[in-house]
Amino acid sequence: MHHHNPEFHFCPVCGGPVHSTCIKWGEPERLVCSACDFVLYLDPKVVSCTVLETEGNIVLLKRAIKPQSGKWVLPGGYVDRGEPVPQAAVREAQEECGLEIRIKRLLGVYSYPGKIPVVIVYMAEAVGGEMISGDETREAKMFSEATIPWQNLAFQSTADALRDYFSHIRTHKNNKGEKARHENDT
Ligand SMILES: [Zn+2]
């Protein structure tokens, strides 16, 4: 994931110079071409990730590329234009750690003020393949809740998604327990 803010100086349509200007009151300034008036909207970038369960643990990847090289992330990456978001998560898991996965449900959507990515995180399970490290990965490893490297996670979204995941798992377990006890009572 690239978190730097790219700067654009030229119009992608005609190559003319762009300038930053207010085109609608109350909205952020936009980059407008001085030659052809094309407006270059700086849209968010969509990232699709998974909390990937395998053998009762979850998979984290140690990044081999900048930014945050050496830190741990969820399997995932940018969604290509026209690509369904869950499909991007499946593709990224295959590319980055060699695992064939099945999406179970949406865990959450993570976005932060001033940041470019909108990170969509699914819960998924491994259904095949062999865990390997892809091009952008130094290491693929399984962690339990107790061994998650909280101090060495790459992004805010990584930590927030993992907290939501474990909280979901606990709630789910408790509900099951409640239900089981209730069934025993009757
Ligand atoms: Zn132009």
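Values in this text are rule-based calculations from the coordinates and carry no lab data. From a predicted model like this one, the values you see are computed outputs, not experimental measurements. Every residue, glycine as well, gets a Cβ built from its backbone with ideal geometry; the counts of neighbours run over all protein chains shown.
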Response to the item:
Non-local residues with an amide H under 5 Å from the amide H of GLY98, with H modelled 1.01 Å from N and Pro and chain starts lacking one, are ILE132
Worksheet item: Could you put TRP150, TRP72, TRP25 in order, starting from the residue whose Cβ has the fewest other Cβ atoms within 10 Å?
Response: TRP25, TRP150, TRP72
Response to the item:
Rounded to two decimals, the Rg over Rh value of the range 45-169 from Cα coordinates and the Kirkwood Rh reads 0.92
Response to the item:
Percent relative contact order for the range 45-169, counting Cα pairs under 8 Å at least six residues apart, stands at 33
Worksheet item: Which whole-Hz couplings ³J(HN,Hα) result when phi for each residue of the range 102-116 is put into the Karplus expression 6.51 cos²θ - 1.76 cosθ + 1.60, θ = phi - 60°, listed in order with x for Gly and Pro?
Response: 10, 6, 9, 6, 6, 8, x, 10, 10, 8, 9, x, x, 9, 7
Discussion item. Longer than 28 Å from Cα to Cα, which of LYS45/LYS66; LYS141/LYS173; LYS104/LYS173; LYS66/LYS173; LYS71/LYS173; LYS115/LYS173 are they? Say none if no pair is.
Written reply: LYS66/LYS173; LYS71/LYS173; LYS115/LYS173
Worksheet entry | the range 1-76: GluC sites (Glu not before Pro) in DSSP coil with no more than 14 other Cβ atoms inside 10 Å | GLU7, GLU29, GLU55
Item to complete: Write down the percent of antiparallel bridges among all DSSP beta bridges whose residues are both part of the chain, to the nearest 5.
Response: 75
Fill in: Selected from PHE38, PHE166, PHE143 as most flexible by GNM, with the chain as the system and alpha-carbon contacts under 10 Å
PHE38
Response to the item:
For the range 1-107 the trypsin sites (Lys or Arg not before Pro) that pass both the DSSP coil test and the at-most-13 other-Cβ-within-10 Å test are LYS24, ARG81
Item to complete: For THR171, put the label point 7 Å out on the Cα→Cβ axis and report which residues of the range 75-110 keep their amide N under 15 Å from it.
Response: 105-109
Worksheet item: At 222 nm, what helix-only mean residue ellipticity would the chain give, in deg cm²/dmol to the nearest 500, using -39500 (n - 2.57) for each DSSP H run of four or more?
Response: -8000 deg cm²/dmol
